[in-house]
Amino acid sequence: MAPEPVNVKEFQELARQVLPKMYYDYYAGGAEDQNSLKDNVEAFQRIKLRPRVLIDVSRIDMSTSVLGYKISAPIMIAPTAYHQLAHPEGEVATARAAAASDTIMVLSYMSNCTVEEVASSCNAVRFYQLYVNKRRDVSAQLVQRAERNGFKAIVLTVDAPRLGRREADIRNKMVAPELKNFEGLMSTEVDIDDGSKLEAFARKTFDDSLCWEDLKWLRSVTNLPILIKGVLTHEDARKAVEAGVHGIVVSNHGARQLDHTPATISVLEEVVQAVGGKVPVIFDGGVRRGTDVFKALALGAQAVLVGRPVIYGLAAMGQNGVKSVIEMLKNELELTMALSGCPNLKHITRSHVVQAVGGKVPVLFDGAVPAGTDVLKVLPLGAPAVLLKTADWEAIFYGLAAMEQNGVKSVIEMLKNELELDMALSGCPSLKHITRSHVMTEHDRFHSKL
């Protein structure tokens, strides 16, 4: 008998053991080379905590509210498709776990269970996630059914005009499971022999003409507040506020749409600052620990969404597995708050996190360095030195080929001479005089405009 999981990450292996390969690959996979998938999780490791001490943390209050609905902790269940592939009870089991954990569940447009089945299963606060269908009448009817059945908000996914290239699904010829919500509205069958049937269904039904103007149409068919999910830039965050949305979800769709998008935690603060407190910002992507939740809150999120871990818990242990995932994250967040000197969520501030190593260990820069000015740019950003290698810059190789040892030495000396001149022209008599204020990045340019 396998030991009980002691953290959220361990549910993934349990899910892998019980799920058919096609279904596990569907849940676990990302787009193309999965760079963003890895980075969503790993980017949290680059953020360090700055705890405060000698603060009374004998009582920790994690409660908060989202759109006026109080929840026990800032941890919500993200919209994820096809829960019955993970467990026979599907989204009904997930909704009951959300109710037991006193949190909000966002029901997926691609759910196996109907809006009515989920609504009647428990008293959880529920939001409904929407992809806009090419047939607007279908989308309108789904939204109105959700509203009639007590759902409290619409979460409009805006990063999927087409489905991302998920190569595991293509290899596995991923099926498009039955979607009972669409019975009597439209056929969900697709007729293809190769590739992902899910991708074919999305191509057939998702409206790739959707634009900002269409938010007016959505507001015309529902009285529910509208959040948009899939924002990664300050430009789109500002447009969303101007368009009158009630909230923004910072998300790259679990890295399942466009590979090489930034890790969502790395752009959260950009979006928060652009919004300026006008609407709540919810974070989605890569949360696996209570410390991750804490970091997102410190960077300005009002709450976080948790997706894959919920599915893994559902696959491994049904409703109890989902509840265990949420409770583990809540317990870890509570401990992190206590050890950081934060008795409630209002005490979690930007000063509790830092996105650099702070000079405690040497960090060498490894990348294209074709000139001494590039060395000068890297040093004030925190690197004590740079690395040169042929994969990034061919001059070392060319120097070796042309003049052997002397050629390599010449390349290094040229860069040193250029750096020396750059330091002189920048007023830096030593490396200690090279500071962050000597360079401006694109990140700086953005913040200077705020």
Quiz item: Taking D208, is it within 16 Å of V138 (Cβ to Cβ), in contact (Cβ under 8 Å) with a residue 40 or more places away in the chain and assigned to a loop (DSSP other than H, G, I, E, B)?
Solution: yes
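Conditions tested, residue by residue: (1) within 22 Å of V281 (Cβ to Cβ); (2) touching a Gly at 6+ places or on another chain (Cβ under 6 Å); (3) modelled with pLDDT under 95.
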{"position": "K9", "(1), (2), (3)": "no, no, no"}
{"position": "Q12", "(1), (2), (3)": "no, no, no"}
{"position": "A15", "(1), (2), (3)": "no, no, no"}
{"position": "E32", "(1), (2), (3)": "no, no, yes"}
{"position": "V41", "(1), (2), (3)": "yes, yes, no"}
{"position": "L49", "(1), (2), (3)": "yes, no, no"}
Quiz prompt | Number of positions in segment 154-197 that are under 28 Å from D137 (Cα atoms), among the small types (G, A, S) and touching a residue at least 24 places away in the same chain (Cβ under 8 Å) | solution = 4
Exercise. Tell me which residues, restricted to segment 273-303, are at positive phi and either touching a strand residue (DSSP E or B) at 6+ places or on another chain (Cβ under 9 Å) or of a type in the set (V, I, T) (or both).
Key: G285, G300
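Quick grid of which residues meet (1) of a type in the set (K, R); (2) under 22 Å from the mean Cα position of the chain (by Cα); (3) modelled with pLDDT of 95 or more; (4) under 25 Å from S340 (Cβ atoms):
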site	(1), (2), (3), (4)
D56	no, no, yes, yes
G68	no, no, yes, no
I71	no, yes, yes, yes
P74	no, yes, yes, yes
A93	no, no, yes, no
Quiz prompt | Residue among V138, V115 that is among the aliphatic types (A, V, I, L, M) and either outside the structural domain of R308 (by TED's automatic domain parsing) or over 17 Å from I77 (Cα atoms) (or both) | solution = V138
Self-check item: Unmet requirement for A73, which otherwise passes all of (1) crowded, with 18+ Cβ neighbours inside 10 Å; (2) on the phi > 0 side of the Ramachandran plot
Solution: (2)
Quiz item: So which residues in segment 406-450 are over 30 Å from Q355 (Cα atoms), modelled with pLDDT of 75 or more and touching a helix residue (DSSP H, G or I) at 6+ places or on another chain (Cβ under 9 Å), if there are any at all?
Solution: N406, V408, K409, S410, V411, I412, M414, E418
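The values are calculated or read from the model by the stated rules, or taken from the named source; none is laboratory data. Keep in mind the model is a prediction, meaning the values are calculated, not measured. With ideal geometry, Cβ positions are generated from the backbone for all residues, glycine too; neighbour counts draw on all protein chains shown.
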